[in-house]
């Protein structure tokens, strides 16, 4: 359920350190209350100095009060800031936990840089409010209320005159706070767009260089930065109104007290010490008033940043609960009239086939026919619009998601790598404490040990971001090693040998055959040598199956398949 206030909604989702909050509030309140005694002592000092009867004990008590107040305020502020840091840590953990389990469709629609901005930049705004501004609110409020009470006790008439200014101040600050919230939302959106642009360009910097599009990307960045600059100026204008206005209120208040106080001293209504005490209370309220007044604008900024985080929190996640069926081996994988579309654009229409256990199914067809989409559906990255995918006699959505994916091996076209060592990538998603000899054994099976050993750091070689230090074939073989170790029950090979030269392909084919043994295997491939060995071939064209059979059958009965073979579309 959506809250009317996204910041409140966000804070309701985390666990608060109640004990720390209680302790910090108690200490801050005690510090603020002790601070209210300082102006009274100061006034007494002025009056006693005038009469010449200031005792040594009084001076020591006065100094002790100052030191005690400073220590209490310091301790209270530290604990409150600690509370703020704990809260922001909880928020960032909450967001990351949400993002990591979001559906793949979310990442299709949102750039990685934009998402990172929400975790870092948006939480910075909230962090500033929770860790620095909000902790000062309660002590400031006590100081303001306490000072006002003391001012009324000292001279209620003079205090009432000074308070006339504050409603005027509120009439200006409230609409400015609303404007600040709107500007904050726009600013965070622009920062996210800029971060997204940076992530996109830096990730594909080689494409930028090859395409000579540096000037275009500079222009795009300049547009984002200009918008951020303009929004920053708008925020500066609002701040430049609020802060001087706060100072003006302080000066007017002091001026009124001095004017009326001077008249009252001359008439004998109050003493000089009382006037000094009242001025001291006014100054004691000045910083708390500034904190409270800017708190409104910072709160609006935090609400603006929270609204974008709220958009993530309301997104649907994958079903990562521990319930669901356990995986069972030796079942057939069945597509039953499956229809699927990305954003209303049909990709698969009424697709039906059975990938039998202990057999190999090859999927061929033109680019964009939906071959990779079939793999994505098997991995449960997306849900079908109609029809059903069965494993045995159960829908695959009935199985525990984590357990399901643990039993699927996926050698992809692009062979993704994580920044780290070769060993880190081999063991990614597998047992981390595997013996080195076992890693070498599986690497040899995938024809990877030889090239890994040639590196100076061998298995401890850093692969770089996205595996930039490795060739396409090397990355592919590391991906195959990872799947050898995983020992999946369902094996998906997407162009599994596309990046290998002929010699390496021959060496690795025997290893793949060992990996494929006694498994439900589905292959997307353009190599005829691989497809000929398949138990069945599915020809997919524009999202529809137009032929199923062996190579010998399709070469005789399927004209487009024959055309693919004879035109060397299948090599």
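Tell me, how many Å apart are the Cα centres for region 383-426 and for region 219-238?
43
To the nearest 0.05, how large is the calculated FRET efficiency for residue 226 and residue 124 if R₀ is 22 Å and r is the Cβ-Cβ distance? Numbers along the way, then the final one.
On the way: r = 22 Å, r/R0 = 0.98.
Calculated transfer efficiency: 0.55.
So between residue 535 and residue 109, what do we pick up on full extension, going 0.36 nm a residue minus the alpha carbon distance? Please list the in-between numbers first.
Working: separation 426, 0.36 × 426 = 153.36 nm, distance 3.77 nm.
The residue 535-residue 109 span can extend by a further 149.6 nm.
At what distance in nm do the modelled label points of residue 8 and residue 567 sit from each other, each positioned 7 Å from its Cα along Cα→Cβ?
About 6.5 nm separates the two model spin labels.
Could you work out the equivalent-ellipsoid semi-axes for region 84-189, taking the square root of 5 times each eigenvalue of the Cα gyration tensor, largest first, in whole Å?
Working: eigenvalues 373, 62, 12 Å².
Computed over region 84-189, the values are 43, 18, 8 Å.
Would you calculate the volume per residue, in Å³, of the smallest convex hull containing every Cα atom of region 234-298?
Value for region 234-298: 60 Å³ per residue.
Angle, helix 134-163 long axis vs. longest principal axis of the chain, Cα atoms, 0 to 90°, nearest 10?
30
Provide the gained length on full extension for the span residue 419 to residue 386, in nm with one decimal, where the gain is 0.36 nm per separating residue minus the Cα-Cα distance.
Values: separation 33, 0.36 × 33 = 11.88 nm, distance 3.86 nm.
Using 0.36 nm per residue and subtracting the Cα-Cα distance, I get 8.0 nm.
Any idea what angle helix 436-445 forms with the longest principal axis of the chain, computed on alpha-carbon atoms, 0 to 90 degrees, nearest 10?
40
Debye calculation, C-alpha points only, no solvent: report log10 I(q)/I(0) for the chain at q = 0.07 Å⁻¹, in the same order as the q values.
With one equal scatterer per Cα and no solvent, log10 I(q)/I(0) is -0.64.
Report the gain in length on full extension from residue 163 to residue 233: 0.36 nm times residue separation, minus Cα-Cα distance, nm rounded to one decimal. Provide the component values of the computation, followed by the final result.
Working: separation 70, 0.36 × 70 = 25.20 nm, distance 3.21 nm.
Full-extension gain reported as 22.0 nm.
Where the centre of each part is set by its Cα atoms, how far does region 77-155 sit from region 347-368, in angstrom?
51
Between residue 542 and residue 252, with labels modelled 7 Å along Cα→Cβ, what's the label distance in nm to one decimal, could you check?
Each label point lies 7 Å from its Cα, and together they span 7.5 nm.
By average Cβ neighbour count within 10 Å, what is the ranking of 232-241, 386-395, 438-447, 70-79 from highest down? Present the calculation step by step, with values, prior to reporting the outcome.
On the way: 232-241: 13.2, 386-395: 15.1, 438-447: 19.3, 70-79: 16.7.
My ranking of the peptides, most packed first, is 438-447, 70-79, 386-395, 232-241.
Run the helix sum for the chain: -39,500 (n - 2.57) per DSSP H stretch of 4+ residues, divided by residue count, reported at 222 nm to the nearest 500 deg cm²/dmol.
On the way: 21 runs with 360 residues, N = 571.
Calculated from helices alone, the mean residue ellipticity at 222 nm is -21000 deg cm²/dmol.
Provide, in order from the shortest bin, the percent of all Cα-Cα pairs of region 448-498 in each 5 Å bin, continuing until the bin that contains the maximum pair distance.
5, 17, 27, 25, 15, 8, 2, 0
What Kirkwood hydrodynamic radius, in Å, does region 6-313 give when the mean of 1/r is taken over all pairs of distinct Cα atoms and then inverted?
Details: mean 1/r = 0.0440 Å⁻¹.
One over the average 1/r among Cα pairs gives 22.7 Å for region 6-313.
What's the FRET efficiency of residue 343 with residue 245 using the Cβ-Cβ distance as r and R₀ = 45 Å, to the nearest 0.05?
Details: r = 50 Å, r/R0 = 1.11.
With R0 = 45 Å, the Cβ-Cβ based efficiency is 0.35.
What value does region 93-145 have for Rg/Rh, both radii from Cα atoms and Rh as Kirkwood defines it? Intermediate values should be presented prior to the final figure.
Details: Rg = 16.8 Å, Rh = 13.4 Å.
Answer for region 93-145: 1.26.
What FRET efficiency would be calculated for the residue pair residue 208, residue 82, taking the C-beta separation as r and a Förster radius of 35 Å, to the nearest 0.05? Please list the in-between numbers first.
On the way: r = 44 Å, r/R0 = 1.26.
Calculated value: 0.20.
Bear in mind that the values in this text are calculations on the coordinates, not laboratory data. None of the values given here were measured: they were computed from a predicted structure. A quick note on method: Cβ atoms are made from the backbone with ideal geometry, for glycine too, and the neighbour counts reach across all protein chains shown.
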